Amino acid sequence: MAFTLTLLALAAVLALAWRYLGAYMVAIYRGQVHWLGPLERPVYRLLGVDPKSEQSWKGYAVSLVLFSGVSLLLTYGILRLQGQLPLNPQHLPGVPAALSWNTAVSFLTNTNWQNYGGETTMSYLSQMAALTVQQFVSAAVGIAVAIALIRGLGRRGSSTIGNFWVDTVRGTLYLLLPIAFLAGIVFVAQGAVQTLAGPALIHDTLNGVTQLIPRGPVGFMEAIKQLGTNGGGFFNANSADPLENPTQLTNFLSIALMLCIPVALTYVFGKMVGSTRQGLALLATMAVIFASWTAFTTYAEAQPNPAVAAAGVSSQPQGNMEGKEVRFGPLNTALFGVASTQTSTGSADASYDSFTPLGGLGLLTGMMLGEVTPGGDGSGLYTLLLFALIAVFIGGLMIGRTPEYLGKKIQAREVKLASLGVLVMPITVLALAGMATALPVGRAGAFNSGPHGFTEILYALTSQGNNNGSAFAGLNGNTTFYNVIGGIDMLLGRFGVMLPVLALAGALAAKQTVPVSLGTFRTDNVTFVVLLLGVILIVGGLTFFPAISLGPLVEQFTHGRFFG
Amino acid sequence: MTEIGLPASPRPGPSARGVAQHRGLFDREILRGALLGSVRKLDPRLQARNPVMFVVLIGTLITLAEAIRQPTVFSWSIGVWLLLTVLFANFAEAMAEGRGKAQAETLRRTRSETQARRVLPDGSEEVVSSGALGLGDTVVCEAGDVIPSDGDVVEGIASVDESAITGESAPVIRESGGDRSAVTGGTRVLSDRILVRISATPGNTFMDRMIALVEGADRQRTPNEIALAILLAALTVVFLPVVVSLDPFATYSHAAVSVVILIALLVCLIPTTIGALLSAIGIAGMDRLVQRNVLATSGRAVEAAGDVQTLLLDKTGTITLGNRMATALVPVGGHTERELAAAALLSSLADETPEGRSIVALARDRHELAATSAPAGSEFVPFSASTRMSGLDVGARRVRKGAADAVRRWVEEHGQVVPPELEEVVTRLALAGSTPLVVADGGDTLGVIELKDVIKPGIRARFEQLRAAGIRTVMITGDNPLTAATIAKEAGVDDFLAEATPETKMRLIREEQAGGKLVAMTGDGTNDAPALAQADVGVAMNTGTNAAKEAGNMVDLDSSPTKLIDVVEVGKQLLITRGALTTFSIANDVAKYFAIIPALFAATYPQLQALNVMRLHSPQSAVLSAVIFNALVIVALIPLALRGVRWRPSSAAVVLRRNLLIYGLGGLMTPFIGIKLIDLLLTTLHAY
């Protein structure tokens, strides 16, 4: 009952976000919001950017790569040099090279895969200046690319798709900062720590125990961690840590924050291409998969843990509680997990490794579908639009016309770019997972053997390749091998999609539109949603079917049952 | 469109008797050629052009090598069926090409070398081979001569038998100047003598180019075909790591997988069905157009036809029958309708024009007036440009029908006046788009015959269907706006262009295109050439000028303006067939997974048998069944690829829903049934 209310409340919050946050975002990216002008204008002056000039897709892409390159170097530098830098009350040494590479790429690409324990590895400066900064800008960059693609679809005969610097700056200033600030206050008010005073030493005189409690600037980082679909927490235990995600309210807030921008982007899309229905069709597609996966995963986690049952514990009234926080319980945890893996967040309020095989399958497959339901900030929408273009191409042919989406003809170039963007992730993930299982250094990383060990490796590379960042644990990723290939995985998973998307935005913007008639392939009705779902599930999902059958499926069948 | 004799209206019906003889889908001769062709096409250089089938070929070779190294019934079976998969794909393409070749052969018969009488500058003649004729040469053709090459008549007039191209036996008139000056090589002069200036270099005549296209000799892949090929290549590329990575995955899981099964899985997953049939679909699309006696200069034009959103249709011949028919009688001056009918009948009994015959028919049907021939001793007064009347003189009685002002003058010459209401009746009928013919008997004005352009039966329904499919129809006519509006309304076209001139047509096309629409039109005259070139699909009439044919991207050998609608249909069919088979192919993958994955790891993970939802007999029978299904489905779909998926004009939503259900859901379900049946058959035969 309480969980049903949670779901209803979530639906209500997201509906409001869709309508009002969406409308606000439209205003932001149309350049109609100015209330932080005194902050905004100096940034452009500093960057030497004329906010009124627009860029071609190439200019946009070059700016993005340039910005990302500088971000990578800066983050890497801070991590390496943190021992010599201020705000390091624990006197932590510089982060090793391979780990710094992996971590810098991870936060740059909005992945937030963490091969380290935050409280024992990162100084406050690293957490704030390197990691939290990237949590803001990587989300802003993701949204900017989505907006560029939307402009490409909405404009006709245009050679420009917006200005990367303006989009990124406005997204950060007007969207992410204010919401993260407000949400941060809630986190801190609920009990998340926010201090620069270093760890607290606790003398429990009653029990005669002395304990060092790590602390730091956690609460506000937590807000952008979820809002920016980043997922990289301050502490190793991520959102399971009571100092990071203290209450059921903050747990709920976390879920809502992860989902709100990706959901609102469908409204932005609809408004900016001139038909809210078009955005609703995308939202419906997202909702169908999200709801099915939530039902599947919560059901799986409500079942008794098969391994525990096999050990002779007959009563597990709450379902699978292994690795879960008592203050959340299996249902809320499963919902959090689904939200976290179907956005590109990857934060965790439990040990995903301890989910039932099917529960774990729900999380794993959520990522494997390409994280489009609703996906990460920006990345969810632009990846979904790639799927939509492929769906339009196949479906459009079936009505006997050159396929078109929103009046734009989908021809060889568009098909090429969309295919590239959709397929780079599965190809990268499978190739790297194949490599990891083939090489002794890769096999050595898995904690478990057999199917579960395989799932651990597969999960790690899937998570990084999709810029999710959630960990199945079990895998020791902090080896040179996993740090290096993980970095490659994340870079390809991010820029291997973004760059084709920008090229696509350019190609689409330049096109004229075909007027709508009765002979036009409709992309705002139920038939299209069904078609799009089919393409996501078959084209996006089936590539991983052999792999998951060797992992979670075998594991589940080994326990001799599918459900319960 | 001028022909000798009747009918003056476009020839009825699509020409089954045209160049393109209908052949059965599996004509024996073509079949034999295709079987040979499918082996010949194993050439890796040809295969490399189709990445999907190339991967299958490589897989076949590896499997066969494995089978030779470690011979088992299983690996040989897989190897052979994979080879068959490639052969079936080749067969599909060879079938399509074979049908094209057969048609090209028919066309080529017109192209045999002939002797030409070239006129030299000094006026003398020399006899040369038609192959030696160059651009600008002038030749003489007399009755019985075969015109040696494409050209324009520069002097004289002749009747020409063009049945070699059109299949139509009625001869046509060709004369110098104007829109009937073009002659085609291979046609025969029946009467008179003409001088023809050659307008094509040898081997590059209009027909030569058409033959090459029909044959598929220099077939260029069309834009949409290229886009689809890219998608298919991408879907092939993505399944490579899926299968290759399975090897280390399986090794990690201590499960050994054989190369043969991995290749079987790969072939089953990549879109072989559509990959195998893609080029056949393209060739067959072209072929279907030829069957309707339309030759396209490029596959691109056929594809564009599917995209057309505006059809510019000539009124005469497309929308109306082209003849004015008597539809009503309006008496004036106190006469009865029957009196009028009797006089009208009398005036028309000897009138053999279509209008005249329609008046006879009306009088007979409406008033049961039974006279069948002119009374003895009567004399027919034919229509002339100066009198603008025709009629009959029976003794002293003079009956006339004609244009209102001409008849009025004639009546006034008899010292009478026309009834006052005549003016009003005539104006009313003219405003309604009809042609009023006034009938007078001596000085007595009896009334008015209403002649109307008759809308072709069924055309209105056809336009409604087109409208439902989102295609706008615009009627082009030389009539005045009032008449045009009436006919447009009656025919149910969306819009009309009255008093059309080449310039206004051109402007209309530009306007439509500026709005992003694709426009199709037909034309025959030289002054249509710019518009034909500007239109996205320009169908030139074969009876038209060479300029028109050059400007358009299709030629209708039947010269029937109604063809435009057929052309659109063929274009749509082409795209729909591609989309339907792609959907089918991709949807097939689901069942194949369920067949192969449990089989793949049967030894290591017997638990995965839970995924064996089809309850296939054994791992080997499961894999083999999937491979056999994958191969056979190609053969099963060849007829569909060649014939094309049917398109009935209806809204995109309806078409999509239907095709999604048939090819999407069907594609999902069919292999579950098919693979199970093959597995049962294999088990029954004790193959496994």
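The values are calculated or read from the model by the stated rules, or taken from the named source; none is laboratory data. Quick caveat, the model's predicted, so the values are computed rather than measured. So basically every Cβ, Gly included, is an ideal-geometry build from the backbone, and we count neighbours across all protein chains shown. Note: accessible area is taken over every heavy atom of the protein model, side chains too, but ligands, DNA and RNA are not part of it. Shrake-Rupley method; radii C 1.70, N 1.55, O 1.52, S 1.80 Å.
Looking only at residues of region A:424-435 that are facing another protein chain (nearest Cβ under 8 Å) and touching a residue at least 40 places away in the same chain (Cβ under 8 Å), we find that the one that is nearest to A:Ser344 (Cα to Cα) is A:Pro426. Where strands (runs of 3 or more DSSP E) fall wholly inside region B:432-505, the ranges with 1 or more residues that are surrounded by fewer than 20 Cβ atoms within 10 Å (Cβ to Cβ) and of a type outside the set (Lys, Arg) are B:435-441, B:444-455, B:495-497.
Apart from one condition, A:Val95 fits all of (1) part of a loop (DSSP other than H, G, I, E, B); (2) open to solvent by 10 Å² or more (accessible area, probe 1.4 Å); the exception is (2).
So is B:Val237 within 11 Å of chain A (Cβ to nearest Cβ), over 30 Å from B:Gln607 (Cβ atoms), open to solvent by 20 Å² or more (accessible area, probe 1.4 Å) and part of a helix (DSSP H, G or I) or not? It is true that B:Val237 is within 11 Å of chain A (Cβ to nearest Cβ), over 30 Å from B:Gln607 (Cβ atoms), open to solvent by 20 Å² or more (accessible area, probe 1.4 Å) and part of a helix (DSSP H, G or I).
Being free of Cβ contacts under 8 Å to residues at least 60 places away in the same chain, under 20 Å from A:Leu537 (Cα atoms) and within 14 Å of another protein chain (Cβ to nearest Cβ) is a description that does not apply to B:Leu608.
Applying the selection to region A:42-84, what residues are basic (Lys, Arg) and in a helix (DSSP H, G or I)?
A:Arg45, A:Lys58, A:Arg80
Taking the numbered list (1) assigned to a helix (DSSP H, G or I); (2) more than 19 Å from A:Gly396 (Cβ to Cβ); (3) within 14 Å of another protein chain (Cβ to nearest Cβ) in turn, B:Ala227 passes all entries but (2). The helices (runs of 4 or more DSSP H) found entirely in region A:267-368 that carry 3 or more residues being open to solvent by 10 Å² or more (accessible area, probe 1.4 Å) and under 30 Å from A:Arg151 (Cα atoms) are A:276-302. Looking only at residues in region B:580-596 that are facing chain A (nearest Cβ under 7 Å) and surrounded by 24 or more Cβ atoms within 10 Å (Cβ to Cβ), the one that is farthest from A:Arg401 (Cα to Cα) is B:Ile586. Here B:Val645 clears all of (1) within 14 Å of chain A (Cβ to nearest Cβ); (2) in a helix (DSSP H, G or I); (3) within 29 Å of B:Ser625 (Cα to Cα) except the condition numbered (2).
Residue under question is A:Gly395, and the condition is that it be open to solvent by less than 10 Å² (accessible area, probe 1.4 Å), in contact with a Gly (Cβ under 6 Å, 6 or more places away or on another chain) and either more than 15 Å from A:Gly551 (Cα to Cα) or not in a helix (DSSP H, G or I) (or both); does it hold? No; evaluated as a whole, the condition is false for this residue. Considering only region A:502-521, I want to know if a residue exists there that is open to solvent by less than 10 Å² (accessible area, probe 1.4 Å) and at the interface with chain B (Cβ under 7 Å from one of its Cβ atoms). Yes, because at least one residue in region A:502-521 is open to solvent by less than 10 Å² (accessible area, probe 1.4 Å) and at the interface with chain B (Cβ under 7 Å from one of its Cβ atoms). Look through B:Leu321, B:Leu313, B:Leu278 and report the one residue that is assigned to a helix (DSSP H, G or I), touching a residue at least 40 places away in the same chain (Cβ under 8 Å) and not hydroxyl-bearing (Ser, Thr, Tyr). Residue meeting the stated conditions: B:Leu278.
Residues in region A:398-419 that are open to solvent by 10 Å² or more (accessible area, probe 1.4 Å) and assigned to a helix (DSSP H, G or I): A:Ala412, A:Arg413, A:Lys416, A:Leu417.
Counting only residues that are modelled with pLDDT under 90 and crowded, with 24+ Cβ neighbours inside 10 Å, how many does region A:522-539 have? So the count comes out to 1. For region A:465-504, the tally of residues that are farther than 30 Å from A:Val415 by Cβ and not in a helix (DSSP H, G or I) stands at 11. The residues on offer are B:Ala284, B:Ala328, B:Ala276, and the sole one that is away from chain A (no Cβ under 14 Å) and surrounded by fewer than 23 Cβ atoms within 10 Å (Cβ to Cβ) is B:Ala328. B:Val623 meets all of the listed conditions (1) at the interface with another protein chain (Cβ under 10 Å from one of its Cβ atoms); (2) open to solvent by less than 10 Å² (accessible area, probe 1.4 Å) but one, namely (1). For region A:252-270, a tally of residues being under 18 Å from A:Asp524 (Cβ atoms) and among the polar types (S, T, N, Q) returns 1. Could you list all residues from region A:437-456 that are at the interface with another protein chain (Cβ under 8 Å from one of its Cβ atoms) and touching a Leu at 6+ places or on another chain (Cβ under 8 Å)? Within region A:437-456, A:Pro451, A:Phe454 qualify. For region B:240-265, which residues satisfy the criterion of being within 13 Å of B:Gly59 (Cα to Cα) and facing chain A (nearest Cβ under 7 Å)? B:Val244 - this is the single residue of region B:240-265 that is within 13 Å of B:Gly59 (Cα to Cα) and facing chain A (nearest Cβ under 7 Å).
A quick yes/no check of all residues on (1) surrounded by fewer than 18 Cβ atoms within 10 Å (Cβ to Cβ); (2) part of a helix (DSSP H, G or I):
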position	(1), (2)
B:Met614	no, no
B:Phe629	no, yes
B:Gly664	no, yes
B:Met669	yes, yes
B:Lys676	no, yes
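Filter region A:422-439 down to residues that are farther than 13 Å from B:Phe239 by Cβ and under 22 Å from the mean Cα position of the chain (by Cα), then give me how many there are. Adding up the residues that qualify gives 7.
Of the residues making up region B:56-73, those that are open to solvent by 30 Å² or more (accessible area, probe 1.4 Å) and either touching a His at 6+ places or on another chain (Cβ under 7 Å) or in a helix (DSSP H, G or I) (or both) are B:Ile58, B:Leu61, B:Ile62, B:Leu64, B:Ala65, B:Glu66, B:Ile68, B:Arg69, B:Val73.
Looking for whichever is polar (S, T, N, Q), under 30 Å from A:Ile485 (Cα atoms) and out of contact with any Lys or Arg (no Cβ under 9 Å at 6 or more places or on another chain) here; the options are A:Ser53, A:Ser106, A:Ser100, A:Ser68. Which one fits?
A:Ser106
Scanning region B:546-579 for residues that are outside any helix (DSSP H, G or I) and either within 14 Å of chain A (Cβ to nearest Cβ) or β-branched (Val, Ile, Thr) (or both) turns up B:Val555, B:Thr562.
Being within 17 Å of B:Ser149 (Cα to Cα) and either open to solvent by 20 Å² or more (accessible area, probe 1.4 Å) or at pLDDT 90 or above (or both) narrows it down to one residue among B:Val80, B:Val86, B:Val127; which is it? I'd like the intermediate steps shown before the answer.
Numbers: B:Val80 fails: within 17 Å of B:Ser149 (Cα to Cα); B:Val86 fails: within 17 Å of B:Ser149 (Cα to Cα).
Only one candidate qualifies: B:Val127.
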